[in-house]
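Reading through the structure tokens given below for one structure.
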Amino acid sequence: MEQKRQFQLNLPDLLKVLAEHLYSSRKVAIRELIQNAHDSITRYQADGAPAGYRPRVDLTVDPESKRITIQDNGQGMTDQDIVQYLTTIGNSYTREFKERMEFRSPDKATQLIGQFGLGFLSAFLAASEVTLLTRSTKSDQGWRWFCDGSEFFDMRPADVTFVGTRVELTVKPEAEFLLEETVLTETIRQYADFLGVPIYLNNDPAPINLMTPPWEAPNRQQAELEYIERAFRQRNPICIIELRDQEIDLGHDTMVIPLRGFVYVPQGSVVSLQEYGDLNIYIRRMFIAAHERDLMPSWARFFRGVIDCPSLQPTVSRESLHQEDNYLAVQQALEQQLLEGLRNIAEDHPDIWKQIVISHTDLVLGWITVNQEFFEQVADLLPLRTSRGQLTMIDYLEQTHNTLYFVTREMGSLQEQVLGEGYEVPVIDASWFAVRPFLEKYASRHKGIQLVQMDGDARRLMRPVPNEDYTEILAFYKSQNIKAKVAAFKPPVVPALVLYPRNADTIAEAKRALDSNELSAPFAAMIQAYLDRQDDEAEANDDVDAATGVLYLNASSPLMRQMVETPPAPAVRDSVLTLLYQMARLFAARTMTAQDAVKAFEGASTAIKGLMK
């Protein structure tokens, strides 16, 4: 036969669960009690507080007696309220009141914070004993409630001279850090800075909290700058984008997401070491979480900010957010406003846009290729590092007739950039890993745009010429095991260049790994097979070993023409040709170890000595 039975609640075990698993800090006890005081005041105001009513919350701390007291002049409680709500786990007076108020006074309803009916229990995270004195606005009878964290509590009538509620905490040894006034000040400001009720500490005449969030301040811009310095420890942001209510498209319908707050771009960051993309989260002015990173669009790692949005749903601990439909809708609203804000900055304030991108180029490029909408918004406006300085894509393409010339290695790419400049085209520095994918995506989405990789494809800018006049010069280089070719290229002041295949660095590293004799046999065999394939491809394509490169002699160079038309004595010629090769090799710099560089300088020095004889 089925029997209905009632759950039994072991309060000490429940408090242990709360302390060890639900909340991350004992400071939450202060947050929850301030929130209860705030909601009591808000309920009183919604029910018709008398004219001239001045709400306030007072905290006092007595380190000697190890007591913290939180008192409000709100609605207070009757004995029935205490039994039905305070001592009934999960039954929230605020939640029920809010549901009744949503039609009668929606503005006041949205200001209420509590909803789970667990907040008062958090007092035992910090206290071994809790005493509550209260008197309701609806009764002349006051009540005293006491509990030491066991299953039992004591409640009796009491002579309470004030209307409202006072909670006295006897602080546990493990929470005694809260008895320090500086810690309590920081805790109040962290959790309740924006609550509209003034909070006073130790009878100080000035409230400890700001009460007015920056976006509601008379001088909003100044308030936002002060908040950035106070909350984020940063100054002089590059720009601030202020948030507003945002309509989003749900496919079958639209909805308006209520947003308050702002985001800003800091002065600079270091990729992967100092990415941002985080928000301080408030719900109805109560602090929920700091450095929330998932709500911001993934590409917006150069932004920080603060947001207050009642559409967001906090977890039971109110220290993080539920990632559900509303969360995704707020994400969408944020992304729309950030993209619109960036577009407006780029069009109306190009100097600020340039500063954003220069300060955060790597982060912008890192995300532009993975987010299509962000790409569409800013791709044409993104400054790129080129051999002619920063150029936007539009400005660059005007100079190159719809061709993107780029190099993928910062070290050793200078010669390719010089080669490009010889043909009066700026060369894009694509040495950082995100640049090339961006260029490829841009080219794929714009018909008629070609890509030319200068390190590897630079020979496309060279015009082969007959070798008959250079027979003796080429024979000399062949005798030195140097593969040399003749081509005409610009600029003519450059007599020779050493060019390497695209994978030269990888091949060189693989050879060094093999030469170290530190690889296991299977890995060594794999690397050797890779190198053999590269040699076969080089031979088939008339290419060259990656470690030595190909020496290209410039037939357009006056110096090379003089070497052909009026050649010097053989000894001088050999010294000049050796010097040219070593100069070109040092200029290339790729695949060279420190020992290689030393040998190159040694060869150049020997050649110069030969010229001096």
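The values are calculated or read from the model by the stated rules, or taken from the named source; none is laboratory data. All of these numbers come straight from a predicted model, not from anything done at the bench. Ideal geometry is used to build each Cβ from the backbone, glycine not excepted, and the neighbour counts take in all protein chains shown.
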Condition set closer than 28 Å to Pro492 by Cβ and at pLDDT below 85, scope region 547-563, selection surrounded by the most Cβ atoms within 10 Å (Cβ to Cβ): answer is Gly549
Scanning region 288-306 for residues that are of a type outside the set (A, V, I, L, M) and crowded, with 23+ Cβ neighbours inside 10 Å, the one modelled with the lowest pLDDT turns out to be Trp299
Selection from region 39-91 of residues under 21 Å from Gln141 (Cα atoms) and either in a strand (DSSP E or B) or outside the structural domain of Gly164 (by TED's automatic domain parsing) (or both) yields Ile70, Gln71, Asp72
Expected output for region 213-241 (first residue farther than 15 Å from Pro266 by Cα, partner charged (D, E, K, R), Cβ below 6 Å, 6+ apart or cross-chain) is Pro214/Glu224; Trp215/Arg260
Task: Condition check for Gln323: assigned to a helix (DSSP H, G or I) and either touching a strand residue (DSSP E or B) at 6+ places or on another chain (Cβ under 7 Å) or in contact (Cβ under 8 Å) with a residue 24 or more places away in the chain (or both) - done: no
The strands (runs of 3 or more DSSP E) lying entirely within region 133-239 that contain at least 2 residues which are touching a helix residue (DSSP H, G or I) at 6+ places or on another chain (Cβ under 7 Å) and surrounded by 14 or more Cβ atoms within 10 Å (Cβ to Cβ) are 142-147, 164-171, 199-201
Only unsatisfied item for Glu247, checking (1) charged (D, E, K, R); (2) over 19 Å from Tyr327 (Cβ atoms); (3) touching a strand residue (DSSP E or B) at 6+ places or on another chain (Cβ under 6 Å), is (2)
> Is it the case that Glu129 is in a strand (DSSP E or B), modelled with pLDDT of 85 or more and buried (at least 18 other Cβ atoms within 10 Å of the Cβ)?
Replying inline: no
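Let's see how each residue does on (1) at pLDDT 70 or above; (2) outside the structural domain of Val494 (by TED's automatic domain parsing); (3) surrounded by 13 or more Cβ atoms within 10 Å (Cβ to Cβ):
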| residue | (1), (2), (3) |
| --- | --- |
| Arg573 | yes, no, yes |
| Met583 | yes, no, yes |
| Ala589 | no, no, yes |
| Met592 | no, no, yes |
| Val598 | no, no, no |
| Gly603 | no, no, yes |
*Report whether or not Val265 is β-branched (Val, Ile, Thr), under 30 Å from Ile30 (Cα atoms), touching a helix residue (DSSP H, G or I) at 6+ places or on another chain (Cβ under 9 Å) and not assigned by TED's automatic domain parsing to the domain that holds Ala434.*
no
Checked Arg284, Arg293, Arg244 against criteria (of a type in the set (Lys, Arg), more than 15 Å from the chain's Cα centre (by Cα) and under 30 Å from Thr392 (Cβ atoms)); the one match is Arg244
The correct count of residues that are at pLDDT 75 or above and closer than 21 Å to Pro492 by Cβ in region 401-451 is 5
Take the conditions touching a residue at least 40 places away in the same chain (Cβ under 8 Å) and on the phi < 0 side of the Ramachandran plot and apply them to Arg156. Does it pass? no
Condition set exposed (fewer than 15 other Cβ atoms within 10 Å of the Cβ) and within 20 Å of the chain's Cα centre (by Cα), scope region 357-400, selection modelled with the highest pLDDT: answer is Gln372
Of (1) buried (at least 19 other Cβ atoms within 10 Å of the Cβ); (2) under 22 Å from the mean Cα position of the chain (by Cα); (3) farther than 28 Å from Ser25 by Cβ, Cys309 fails just (3)
key: Boolean, Arg189 is within 18 Å of Ile288 (Cβ to Cβ), in the same structural domain as Ala37 (by TED's automatic domain parsing), among the basic types (Lys, Arg) and within 26 Å of the chain's Cα centre (by Cα)   = yes
